[in-house]
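Working notes for the structure below.
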Amino acid sequence: MKAISLKPGTKDVRIVTIEKPEITASDEIKMKVLQVGICGTDREVASGGRADAPLFHSRLIIGHEMLGQVLQIGENVTRAKKGDLGVFTVRRGCGKCEACKNNRSDMCYTGDYTERGIKEADGYQCEFVVDKEQYFVRVPTELQEIAVLTEPMSVASKGIEEALLLQRSRILDFEKGKNWIEGKKALVAGVGAVGLLAAFALRLRGAEVYGLDIVDEQSKRPKMLSEIGGKYIDGRKVKTLNIDDEIGEFDFIFEAAGFAELQVELIDVLGVNGIYVSTGIPSGNKPLTINGSDLMRQLVLKNQLILGSVNASMEHFKTAVADLEAAQKKWPETLKKMITEKYAYTDFEKALGKQSADEIKVVVKWAEITT
């Protein structure tokens, strides 16, 4: 079969021919790959950045945001049948820590996990994949046009749900039973794919959403934000440290930009009892100069939480599917706009190339759905 393969640490990305995977255990599922999304991590590994080939191999099949169709199932598989649409999750546990033993490899203690398409496990930019039923999440056929967004939505859903779980534990005594985020002011920093999906998820939960970025207000992403009832802040016109003076403080912040200076400055606009979720991974090692006293004083006196969140568990993938279903019902035309370009796998270089200002999610196409 054909696959898009990388030699880690180099820019050597090419289409190769490898052996087709087959089911070898009773709990395995074989899928035909339909589409694979491209994100910043894919572009990073393709440019020589962080990536590790499987043990005893020199190359890595890239891609971790997939949508596939079930072709074959092992005899003990119960949650999938031939023809189903679905996705496989990304991370595989270390098998040693309690988190991984309980199928929560997103919270691995040892760091010895693998990640398909990123770290020591082949990814999904290929014609066929086989994996355990344990990592399969079924996707309704009604979502087929946007189901490739499941993995990035799982990142947003996890960050939001974990934040709300923490808030519920803090306010249980005086706001028992209430949806804490409903009516609260939420700021999404970075309105790329994950940021916009977080905006969808927050609007579904009743938040008043603002999006912060440095693109023109009349460009595609701010317009999409407006279509779902959000408001846009142009970071070139309003300095981060002045946002609270002009708009007020925020109860909730979801950061998806990945710029260290911005990530720190955002703490300034967080309100009393506020919670801040950071999902962006900054690059480089440029040191920052911050007023640590002011920062720590605010965190303590305003009773604030800062939460880092990476990857997602099986349950968060399921929440992501539910969020996509709800968003499709409420904003069907807007959600479709999330996928801005599609390329055949033979044009993978274009998919991995420099992104345009209006790019949100680029998808590599491998096959069509079989009905």
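The values are calculated or read from the model by the stated rules, or taken from the named source; none is laboratory data. The structure presented is a predicted model; accordingly, all values stated were derived computationally and were not measured. In this analysis, Cβ positions are derived from the backbone assuming ideal geometry, glycine residues included, and neighbour counts consider all displayed protein chains. Surface areas here come from the heavy atoms of the whole protein model, side chains and all, with no ligands, DNA or RNA. Shrake-Rupley method; radii C 1.70, N 1.55, O 1.52, S 1.80 Å.
Can you give the FRET efficiency for Ser47 and Ile247, using 1/(1 + (r/R0)^6), R0 = 35 Å, r = Cβ-Cβ distance, to the nearest 0.05? Write out the running numbers ahead of the final one.
Working: r = 36 Å, r/R0 = 1.04.
Between Ser47 and Ile247 the formula returns 0.45.
So which chymotrypsin sites (Phe, Trp or Tyr not before Pro) in segment 157-207 end up in coil per DSSP with only 15 or fewer other C-beta atoms within 10 Å? Those that pass, being in a loop and sparsely packed, are Phe174.
Taking a straight line from the alpha carbon of Lys184, these lysines sit under 21 Å away, with near neighbours fewer than eight places off in the same chain left out: Lys158, Lys176, Lys231, Lys302, Lys330.
Over 28 Å, how big is the tail of the calculated P(r) for segment 224-367, in percent of all Cα pairs? Walk me through the intermediate numbers first.
Values: 3655 of 10296 pairs.
Every Cα pair in segment 224-367 considered, those over 28 Å come to 35 percent.
Here the simple spin-label model places points 7 Å from the Cα toward Cβ, and for Asp173 and Lys11 these points are separated by 5.9 nm.
Charges at C-beta only: +1 for Lys and Arg, -1 for Asp and Glu. How large is the resulting dipole of segment 258-339 about its Cα centre, in Debye rounded to 20? Could the numbers behind the result be given before it?
Working: 8 positive and 8 negative charges, 37 e Å.
Dipole of segment 258-339, to the nearest 20 debye: 180 debye.
Report the charge-dipole magnitude of the chain in Debye, nearest 20, computed about the Cα centre from +1 at each Lys and Arg Cβ and -1 at each Asp and Glu Cβ. Don't skip to the answer; put the middle values down first.
Details: 51 positive and 54 negative charges, 77 e Å.
In debye, rounded to 20, the chain gives about 360.
Straight-distance candidates among the lysines for linking to Lys342, with alpha-carbon spacing under 16 Å and chain neighbours fewer than 8 residues away dropped: Lys350, Lys354, Lys361, Lys365.
Can you tell me the length gained on complete extension of the stretch Thr371 to His57, counting 0.36 nm per residue apart and subtracting the Cα distance? Difference between extended and current length: 109.4 nm.
Along its principal axes, segment 1-134 has C-alpha extents of 41, 36, 26 angstrom, given from the largest down. For a paramagnetic label modelled on Glu75 (point 7 Å from Cα along Cα→Cβ), amide N atoms under 16 Å away belong, within segment 1-42, to 23-29. A Förster radius of 41 Å combined with the Cβ-Cβ distance from Glu333 to Ala25 puts the calculated FRET efficiency at roughly 0.45. Over the chain, the fraction of Cα-Cα pairs per 10 Å bin, rounded to whole percents and listed from the shortest bin up, is 5, 23, 33, 25, 11, 2, 0.
Against the main long axis of the alpha-carbon atoms of the chain, helix 314-330 sits at an angle near 70°. Annotation: for a label point projected 7 angstrom from Cα along Cα→Cβ of Thr141, residues of segment 57-71 with backbone N closer than 17 Å are 68-71. Solvent-accessible area per residue in segment 80-164 equals 36 Å², computed with a 1.4 angstrom probe and all protein chains kept.
Considering only Val16, Val129, Val90, give the residue with the highest GNM mean-square fluctuation for the chain, with springs between Cα atoms whenever their separation is below 10 Å. Residue with maximal mean-square fluctuation among Val16, Val129, Val90: Val16.
With axes computed from alpha carbons, what is the tilt in degrees of helix 193-204 against the longest principal axis of the chain, rounded to the nearest 10 within 0 to 90? Between the helix axis and the principal axis of the chain, the angle is about 60 degrees.
Helix-only arithmetic for the chain: the sum of -39500 (n - 2.57) across DSSP H runs with n ≥ 4, divided by the residue total, places the mean residue ellipticity at 222 nm at -7500 deg cm²/dmol.
Distance from the Cα centroid of segment 127-169 to that of segment 298-332 is 10 Å (rounded to whole angstrom). Shown here: segment 51-126, whose C-alpha atoms stretch 36, 30, 20 Å along the first, second and third principal axes, sorted largest to smallest. Of the solvent-accessible surface of segment 266-371, computed with a 1.4 Å probe over protein heavy atoms with every protein chain present, carbon and sulfur atoms account for 52 percent. Note on segment 137-285: Cα-only Rg and Dmax are 15.4, 46 Å.
Please report the orientation-averaged projected area of segment 197-263, defined via the convex hull of its C-alpha atoms, in nm².
Details: hull surface 18.3 nm².
The Cα convex hull of segment 197-263, projected and averaged over all directions, gives 4.6 nm².
Diagonalising the gyration tensor over the Cα atoms of segment 1-68 and scaling each eigenvalue by 5 before taking the square root yields semi-axes of 22, 15, 11 Å, largest first.
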